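Q: Pasting a structure below so you can have a look.
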Amino acid sequence: MAVRLRLALSGKRHNRIYHIVAAHHRLRRDGKPIETLGLFDPHLAPGEKTRIIEWSADRIRYWLGVGAQPSPAVSKLLVLGGIQKKTVEVPSTQEIAPQTTPSPPTPPPVKAKAKAKIPTKTPAAPSMTRRERLLDGLARRSL
């Protein structure tokens, strides 16, 4: 069973608080969690300068130890709280060959045609209105 450590939303509108929970990865955001691990209130009370996160560090370490994956938001909070170290992507040990972009295929040479096409109809003057062009076309057909 894949478990994620993530934030569950609760509280009234404009006064939201988040619970840090361990939940099945396919469960909806506010579904029933396996375990509630902490509480995060993003709002500052008047006169406060820091936000406070209440959590059970031992239980969070336990869930991380058994393979639970933290969401990006929870991962940031865990790094700030000193529970988790910041992860850095390490390149794979396999040597990556430089990618060469293939050159676009060259088009085949164009053979010149011996006969030139002569336009049978003269194009309408650009100053003509649509109605004039239609009437001009009808007049040509009747001849």
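The values are calculated or read from the model by the stated rules, or taken from the named source; none is laboratory data. All values derive from a computational prediction rather than experimental measurement. No Cβ is skipped: glycine too gets one built from the backbone with ideal geometry, and neighbour counts run over all protein chains shown.
Q: From the list Arg61, Arg6, pick out the single residue that is under 15 Å from Leu77 (Cβ atoms) and touching a helix residue (DSSP H, G or I) at 6+ places or on another chain (Cβ under 6 Å).
A: Exactly one residue qualifies, and that residue is Arg6.
Yes or no, residue by residue, for (1) surrounded by fewer than 12 Cβ atoms within 10 Å (Cβ to Cβ); (2) more than 26 Å from the chain's Cα centre (by Cα):
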residue: His24; (1), (2): no, no
residue: Leu39; (1), (2): no, yes
residue: Ala45; (1), (2): yes, yes
residue: Ile52; (1), (2): yes, yes
residue: Ala57; (1), (2): no, yes
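Q: Let me ask another. Restricting to the range 1-11, count the residues that are of a type in the set (Val, Ile, Thr) and over 15 Å from Trp63 (Cβ atoms).
A: 0
Q: Among the residues that make up the range 24-32, is at least one of them at pLDDT below 85 and not charged (D, E, K, R)?
A: The answer is yes; a qualifying residue exists.
Q: Given the criteria more than 18 Å from Ile60 (Cα to Cα) and surrounded by fewer than 15 Cβ atoms within 10 Å (Cβ to Cβ), does His14 qualify?
A: yes
Q: Ok, one more. Can you find even one residue in the range 71-85 that is assigned to a loop (DSSP other than H, G, I, E, B), surrounded by 10 or more Cβ atoms within 10 Å (Cβ to Cβ) and modelled with pLDDT under 85?
A: yes
Q: Of (1) at pLDDT below 90; (2) under 26 Å from the mean Cα position of the chain (by Cα), Met1 satisfies all except one. Which?
A: The failed condition is (2).
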